[in-house]
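The values are calculated or read from the model by the stated rules, or taken from the named source; none is laboratory data. If you're wondering where the values come from, they're calculated on a predicted model, not measured in any experiment. Counting neighbours? That spans all protein chains shown, and the Cβs are built from the backbone with ideal geometry, glycine included. Each accessible area value is taken on the protein alone, full model and side chains, heavy atoms only, with ligands, DNA and RNA left out. Shrake-Rupley method; radii C 1.70, N 1.55, O 1.52, S 1.80 Å.
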Amino acid sequence: MFPLTEENKHVAQLLLSTGTCPRCIFRFCGVDFHAPYKLPYKELLNELQKFLETEKDELILEVMNPPPKKIRLQELEDSIDNLSQNGEGRISVSQDGSIASKNSNLNVCNVCLGILQEFCEKDFVKKVCQKVEASGFEFTSLVFSVSFPPQLSVREVRSFACIKLYVKKQSLSLGRDDIVQLKEAYKWITHPLFSEELGVPIDGKSLFEVSVVFAHPETVEDCHFLAAICPDCFKPAKNKQSVFTRMAVMKALNKIKEEDFLKQFPCPPNSPKAVCTVLEIECAHGAVFVAGRYNKYSRNLPQTPWIIDGERKLESSVEELISDHLLAVFKAESFNFSSSGREDVDVRTLGNGRPFAIELVNPHRVHFTSQEIKELQQKINNSSNKIQVRDLQLVTREAIGHMKEGEEEKTKTYSALIWTDKAIQKKDIEFLNDIKDLKIDQKTPLRVLHRRPLAVRARVIHSMETQYVDEHHFRLRLKTQAGTYIKEFVHGDFGRTKPNIGSLMNVTADILELDVESVDVDWPPALDD
């Protein structure tokens, strides 16, 4: 069933005469059900022309050539005269009496610039799908996005102004809200075609995105007059090649007065010579996240690459020893590493390890069985004796928040080997065992002042347990609030941490070795070996 009614007939005639394609005519006439848009373009054009056929005994519109004939609708003639200065908008009558655009036979639509003509047919969809299949991404659904030239918005407003003049004379009502958006109509047509061709559903929440960017160089200057009238809407942006973005153009069109708009451009818009071009077809997969816990057994390994003044100090890092394997297996472009705190290059992390998460950016492979993840964990562990990984698993972006939640309220347990300048006996250190919930103030340590803001941080030493070694050494096991600088709590950092072990014992103290024994963050969930 043809979707237009007698009420739409004159608007459809007007639009077709000015070079508008059948699907855009449906949009302007408020056709909001999908089926008509999905018909092949040539079939649509034929059906529309049949619908608009003029009976032999009806009066028809005036044309420039052949000589003038009777007028069927004086009002339409008046509106056409107002809208067109060069005769391009005139309706011509073919030998069989059907109304056709001067630019018929698949001439480029003056509104969508060919988007709803050849770019939503099966041939184009197949070309895009070939690119998708060649991209090497794993996916079980996809989201399809398109970027249209901003001048399409200008042309749509122009055509609507043309229609508005006509419907006003006919005492009809038509609002901008009645028009079906171009992007909506395009999705109605193409989504089923993409889904059928690729064999997966279109899902707006899918992490896999196929995007197509269109351009139309021939009409790019359509928007330029807006910058002169609404300069505040067009401000240069770092990541944009042109100030004429879709958002900026829409903002200006909403701001500009109708009379100013009509002065700049006669409506309806002229038909272009060429259809849009496809600037790019891109495939991208949203990030996936892998979490686990790592143990660090080396006292000569930084957590992240150690680079000072552009020079690398050590050949590897915890981050790289783990992430290099993940990058290769997930076929990702890059990664972002995060963890629950960090240890210094000379500090080991023992016990159950430190929780970490890695964001893998634009991964091409995303589906793994639990067995494959276990094998990946084993591969990481076999590759180095400096680190070990446990509880490796795929997690969601939201789950990573558990690692950071209440980070400063969590506790961490450390073991330190301490040296004192004065000779000590076992009884000299036993009093430390009785101290509970000691509050200390730590000014940003000198060693991290180049990368941390200057501040005084209050921290709590929850408990201490001593083990005498000899007259100049003892071991100290501490349970502290997360974020405590342990080295500075031992030696005082030239008085920047108060109190400290040195001041409590009335000695000069320093730390020789430090191990992280536990990070009390209950995430990620422990897995069976």
Please verify whether segment 326-344 includes one or more residues that are of a type in the set (S, T, N, Q) and not in a strand (DSSP E or B). yes
Among all residue pairs at least 6 apart or on different chains, which show Cβ distances below 8 Å where the first residue, located in segment 299-314, is open to solvent by 40 Å² or more (accessible area, probe 1.4 Å) and the second is among the polar types (S, T, N, Q)? P305/S317; W306/S317
Any idea which residue in segment 355-379 is nearest to A332 (Cα to Cα), counting only those that are surrounded by fewer than 16 Cβ atoms within 10 Å (Cβ to Cβ) and among the acidic types (D, E)? E372
Where residues in segment 380-406 are in a helix (DSSP H, G or I) and over 17 Å from F337 (Cα atoms), which of them is most open to solvent (accessible area, probe 1.4 Å)? N382
Here the residues within segment 320-335 that are out of contact with any helix residue (DSSP H, G or I) (no Cβ under 9 Å at 6 or more places or on another chain) and either open to solvent by 30 Å² or more (accessible area, probe 1.4 Å) or without any contact (Cβ under 8 Å) to a residue 12 or more places away in the chain (or both) are E320, L327, A328, K331
Among the residues of segment 123-151, count how many are assigned to a helix (DSSP H, G or I) and either farther than 17 Å from R23 by Cβ or open to solvent by less than 10 Å² (accessible area, probe 1.4 Å) (or both). 11
Go through the residues of segment 25-39 one by one and say whether even a single one is of a type in the set (K, R), surrounded by fewer than 20 Cβ atoms within 10 Å (Cβ to Cβ) and at pLDDT below 90. no
Go through the residues of segment 229-250 one by one and say whether even a single one is closer than 30 Å to R365 by Cα, open to solvent by 20 Å² or more (accessible area, probe 1.4 Å) and either out of contact with any Cys (no Cβ under 7 Å at 6 or more places or on another chain) or at pLDDT below 95 (or both). yes
Within segment 4-24, work out how many residues are closer than 19 Å to Q181 by Cα and open to solvent by 20 Å² or more (accessible area, probe 1.4 Å). 1
Provide a single number: the residues in segment 110-122 that are of a type in the set (A, V, I, L, M, F, W, C) and in a helix (DSSP H, G or I). 2
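Residues A482, A509: which one is surrounded by 16 or more Cβ atoms within 10 Å (Cβ to Cβ), in the same structural domain as K422 (by the TED database) and at pLDDT below 95? Spell out the reasoning first.
Values: A509 fails: at pLDDT below 95.
Of the residues listed, the single one that is surrounded by 16 or more Cβ atoms within 10 Å (Cβ to Cβ), in the same structural domain as K422 (by the TED database) and at pLDDT below 95 is A482.
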Residue selected from segment 261-298 under the condition assigned to a helix (DSSP H, G or I) and open to solvent by 60 Å² or more (accessible area, probe 1.4 Å), by the criterion farthest from N362 (Cα to Cα): K263
